[in-house]
Amino acid sequence: MNPTATTTAPPPPSPAVSQGRTTRAGDRVFLGLSRGSGILLLVIMAAIAVFLTYRAYLAISKDEANFLTAFEWNPAGSPPEFGIAILAYGTVVSSIIAMVIAVPVAVGIALFISHYAPRRLASPLAYVIDLLAAVPSIIYGLWGALVLVPYLGGLNSWLNDYLGWTYIFDKEGTGPARSLFTVGILLAVMILPIITNVTREVFLQVPKMHEEAALALGATRWEVIRMSVLPFGRSGIISASMLGLGRALGETMAVAVVLSPSFLFSGHLLDPGGGTFAQNIAAKFNEANDYGRDALIASGLVLFAITLLVNGAARMIIARRKEYSGANA
């Protein structure tokens, strides 16, 4: 080795890199806007939580019944008595029915569009699914009241005859199908395009090398989907499902048009009656006095908390199963 040879030392890092910040004006502006947007979002969420909590405290402090377990809603009475048991039950049950129906169908449609349908069919079908997401809620409500309610009578009778032994499908009486089961079907149709669109985009992001490698090893089309597509898109499916669940939990007008509100508890899903948080707020807010509005806001606080818990649980599931996704491969 030549002792006189010299080596070129690497240039020292710039002050901007070494100190972890940028000196460009555009970058500083973008950083400030991004940080300010995040802080503003947190401030808005905190302001909403404080407002709901304060108004809810004004109502609950005067409630003579147990707010969480009471089955009646009479904030204008003397003494005022109201509770959210029926509202929580109706909201959760109708949303679960919607998810059970919508998620498998949405995943199947997304797989068909992304991996099975020819391009001439996939594009129009995807466009139709996008149009379903743009239909206003009141239109879905009118469709449910004029089509679902009259024509679900036969399905309800069949479920009562063959599955009535399960208790939940045991129908008492012959009233119209304005039940939580009908609301769940309607909500499933409403959240179907949301779950389908997000899931489809996730499936389209699957690395082609993964699919081609599975095919080269002799896997069938279904085996490729089961071993490559579904593991890669698991987190996306969960995220899409949570978006759909968020709309199902907070849907108002469509549920108000279809459901026959009632505060009588019934474990039979086919019986008319029931209620949800959003439907109860929309139906009674205008006619309520100041104290009644505080009671409705208290129920809105519970819905707000349920939504936060659902989204937090979804984030935890996604984080825990991230290592199983093909996104890291």
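Just so it is clear, none of the values below were taken in a lab; they were calculated from the coordinates. All values reported here derive from a predicted model rather than from experimental measurement. Cβ atoms come from the backbone with ideal geometry, glycine included; neighbour counts cover every protein chain shown.
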* **Within segment 195-266, GluC sites (Glu not before Pro) in DSSP loop having at most 11 other beta-carbon neighbours inside 10 Å** => none
* Asked: What helices in the chain pass both tests, a Cα length along the helix axis of 30 Å or more and a mean Kyte hydropathy of 1.0 or higher, using whole DSSP H runs?
  -> 25-60, 85-111, 180-204, 290-320
* Taking the chain and dividing mean pair separation by its residue count, relative contact order in percent (alpha carbons under 8 Å, at least six apart) -> 25 percent
* **Sparsely packed GluC sites (Glu not before Pro) within segment 24-81, loop by DSSP, other Cβ within 10 Å at most 12** => GLU64
* Asked: What FRET efficiency do you get for THR307 and ASN160 if R0 is 25 Å and r is their Cβ-Cβ distance, rounded to the nearest 0.05?
  -> 0.15
* Given charges of +1 on the Cβ of Lys and Arg and -1 on the Cβ of Asp and Glu, with all other atoms neutral, how large is the dipole of the chain about its Cα centre, in debye to the nearest 20? -> 1380 debye
* Using the beta-carbon distance between ALA282 and ARG221 and R0 = 35 Å, what value does 1/(1 + (r/R0)^6) give for FRET efficiency, to the nearest 0.05? -> 0.15
* Let me have the 222 nm mean residue ellipticity of the chain computed from DSSP H runs of 4+ only, each contributing -39500 (n - 2.57), with the sum over all residues rounded to the nearest 500. => -20000 deg cm²/dmol
* **Highest-first arrangement of 154-167, 257-270, where packing means the average Cβ count within 10 Å** => 257-270, 154-167
* Rounded, prolate or oblate (a/c below 1.5 giving rounded, otherwise prolate when a/b exceeds b/c) for the chain by Cα gyration tensor -> oblate
